[in-house]
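Data block below; observations after.
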Amino acid sequence: MPRTVFATALCALLIGPAALAAAVDAERAAEPAPGDWPAHGRSYAEQRHSPLDAVNRDTVERLGLAWSFELPTRRGQEATPIVVDGVLYVTGSWSMVFALDAATGALKWQYDPGVPRRTGSKACCDAVNRGVAVWQGQVFVGTLDGRLVALDAADGSVNWSQQTVPTDQAYTITGAPRVVKDRVIIGNGGGEYGVRGYVSAYDVATGDLAWRFHTVPGNPDAGFESDAMARAANTWSGEWWRLGGGGTVWDSMAYDPELDLLYVGVGNGSPWQREMRSPGGGDNLFLSSIVALRPDTGAYVWHYQTTPADTWDYTATQHMILADLEIEGRTRKVIMQAPKNGFFYVLDRETGAFISAEPFVNVTWASHVDPETGRPVEAEPVYVDGQPVPTAPSPLGAHNWMPMAWNPDAGLVYIPAMDAPFTHASAAADPDLDDPLWRTGTDFAAAATPLFIAPAVEEALAETLVSAHLLAWDPVAQKAAWRVQHAHPWNGGVLSTAGGLVFQGDATGHFSAYDANSGRLMWQRPANTGVVAAPMTYAIDGRQFVAVLAGWGGSMALNGGRLNDTVKGGANGRLLVYALDEAGEPPPGVVMAEMPQPPRNTALDDDIRAGFGHYARSCSVCHGMNVAGGGVIPDLRYLSREKHAIFDRIVYDGVLTEAGMPGFSHRLTPEQVEQIRAYVIYEANREWRRRDDSGWWRAVKNTASRATAWALLQLQ
């Protein structure tokens, strides 16, 4: 046993577990004390509803900033803090961990796992981390480079560390671990990079691997790890294992101690296009599924597949909530999920039986979910002879990773919902197995705003097609109760409280409270940076605090293009903690630097067109569609003349690989790199002219209807 683990165990024997730092056990995780937040979703059921009510409809206007803590990085911040026994544990980007005094914000300790910055090129959706798990004196964190680390909760020293993924493949960890029955449960990401997904359990004391459940089958010639994998193999065809398969368990989990069932959400296929990974058809289990396992052994119990044979990146890794609902005169133990595909699901959590599903945003890929079979009825056509097809929701989903919340008093689930389309088109050839970057099999050029398009049309496409809202959803009646429209589609997770309030941050840098029954805005304060993380609340000595981690980032921040021009970004992450009768000010935001005048656009139109295609397929997922960055990594429209002079060394040779910008010599020629630069210069000059424009195009843009924008999109 490692020294620090032994010392922790000895301390528990001598002075009792109540005196331990982070003394969380099964009882505390299942039924937290009112003032605690000891687990990722507050409890095993992941409801994210607090019984605290000192901050309520009548008092919320007195809520002010009690203290803040600035994190040392400017990448996305997605963690939910854990608070136990007066200590707050939170992670930042690059998997850093901080322990703070929950009453004052004083730093107790911090831990930096030293993730190499080049790992960022393996992360589809920013160098983020969604938090820790705490259990009996230890703090557990998954690192971006695939380690699971156990820290001493008292001082942050390392008890043990396990490499949970192969280092020669593009696996990452961004999700928060969970601890169930002395097992630390951790998944991984990498579905866009050709990996094979799985979820693992490690012994909390020793770090030894206890079990592993693969979510897609491997090469049949090598044998199957379980009967579940043998069964799943019957739903695949071709040589899917050569392409990885996908199915990563990169975020959501929940646990029912009464049923002794661990629920994991499974991600998309790799590649996205089903005809590439499984050319003979099949449902491709267990992609885009909720899977119930035994936490002691990892044994399969049941599954429900939300999107059979997924081809749109419709993961089922979104937040899952356990609750008891009165349905048709009887109490049902249910699991609820609003995955990317746009349908809100209510399932029997004991058996996985389908109860109901209805669309909660605009859905075009399927007409409905068949109530008899529980299967979606796909709309025609999914593809037309390989031609681009606008589809809703987009791969960013009707609901992404941002946690929703359940209010048992109001009987409502509060969802950070998005309403947006995406133009799907198959890539011209099968994914290159030697290419370490995205292997989606999707042509991103088809989804970008067309080249040489008029500014008014570009703005109409960007803003009239995409919307988002905080949605209050009745899971029994399967209909909306109310919604609050947001200015940007990428907004924060949600907290519900017994004070009759729903808290959420947004991309434009505000933190707000709404009436849980009506959606009326009750309170709002500036965060001075975009908020994507979920708030939480806790109490110290009877005083209620509300906390949120602010810091713009994530996949929309990387690839959202011009949609991100209105967000608050670029600032260091900061933890903001509010209490009644306080009046602190949050740290300031970042003033955008002046745009340097770009080089003259001297390239031929054919080179710009070629550069547009190469950029869309190789660069847009990080630097934004149509060269419109989102405030997380460099906006290429702002490149200095010095950077333009070494553009080939950066993009082709990879001189900034250690900083997270890989070279592309494996997939681009020097001529193609120069064509990308020509396209970047073209877009930079368009932006330069736009800023000098009289604004006539804004007036035209504002007359564009949603129907007109849809028609334009389909004519691309």
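A short reminder: the numbers here are calculations on the coordinates, not readings from a lab. None of the values given here were measured: they were computed from a predicted structure. Quick reminder, even Gly has a Cβ in these numbers, built from the backbone with ideal geometry, and neighbours come from all protein chains shown.
Computed about its Cα centre, the charge dipole of the chain is approximately 1020 debye, with only Lys, Arg, Asp and Glu carrying charge at their Cβ.
Would region 108-246 count as rounded, prolate or oblate if I go by the C-alpha gyration tensor, calling it rounded below 1.5 in a/c and otherwise prolate when a/b exceeds b/c, oblate otherwise? It is oblate, given that a/c is not under 1.5 and a/b is not larger than b/c. Structural descriptor for the chain: relative contact order 13 percent, calculated from alpha carbon pairs under 8 angstrom and at least 6 residues apart.
Residues in region 618-639, backbone N under 15 Å from the label point at Val655 (7 Å along the Cα-to-beta-carbon vector): list them, ranges by number please. Correct set: none at all. Once both labels are positioned 7 Å from their Cα atoms along Cα-to-Cβ, the gap between Leu604 and Ile327 label points is 6.3 nm. For Lys568, the lysines whose Cα comes closer than 29 Å to its Cα, not counting residues fewer than 8 places off in the same chain, are Lys122, Lys340, Lys643, Lys701.
Within the chain, the longest run free of exposed loop sites, counting GluC sites (Glu not before Pro) that sit outside DSSP helix and strand states (H, G, I, E, B) and have at most 16 other Cβ atoms within 10 Å, spans 1-224.
Among the chymotrypsin sites (Phe, Trp or Tyr not before Pro) within region 181-290, those in coil by DSSP and having at most 16 neighbouring Cβ atoms inside 10 Å are Phe224. Rounded if a/c is under 1.5, else prolate if a/b beats b/c, else oblate: with a ≥ b ≥ c from the C-alpha gyration tensor eigenvalues square-rooted, which is region 468-515? Oblate, since a/c reaches 1.5 and b/c is not below a/b.
Helices in the chain, meaning DSSP H runs of at least 4 residues, each add -39500 (n - 2.57). Divided by all residues, the mean residue ellipticity at 222 nm is -4000 deg cm²/dmol. Would you work out if the chain is rounded, prolate or oblate? Take a ≥ b ≥ c from the square roots of the eigenvalues of the alpha-carbon gyration tensor; rounded if a/c is under 1.5, else prolate when a/b is larger than b/c, oblate otherwise. Cα axes put the chain in the rounded bin. Listed cross-link partners Lys333/Lys479; Lys181/Lys333; Lys108/Lys181 are compared with a 23 Å cut-off, the Cα-Cα value being larger for Lys108/Lys181.
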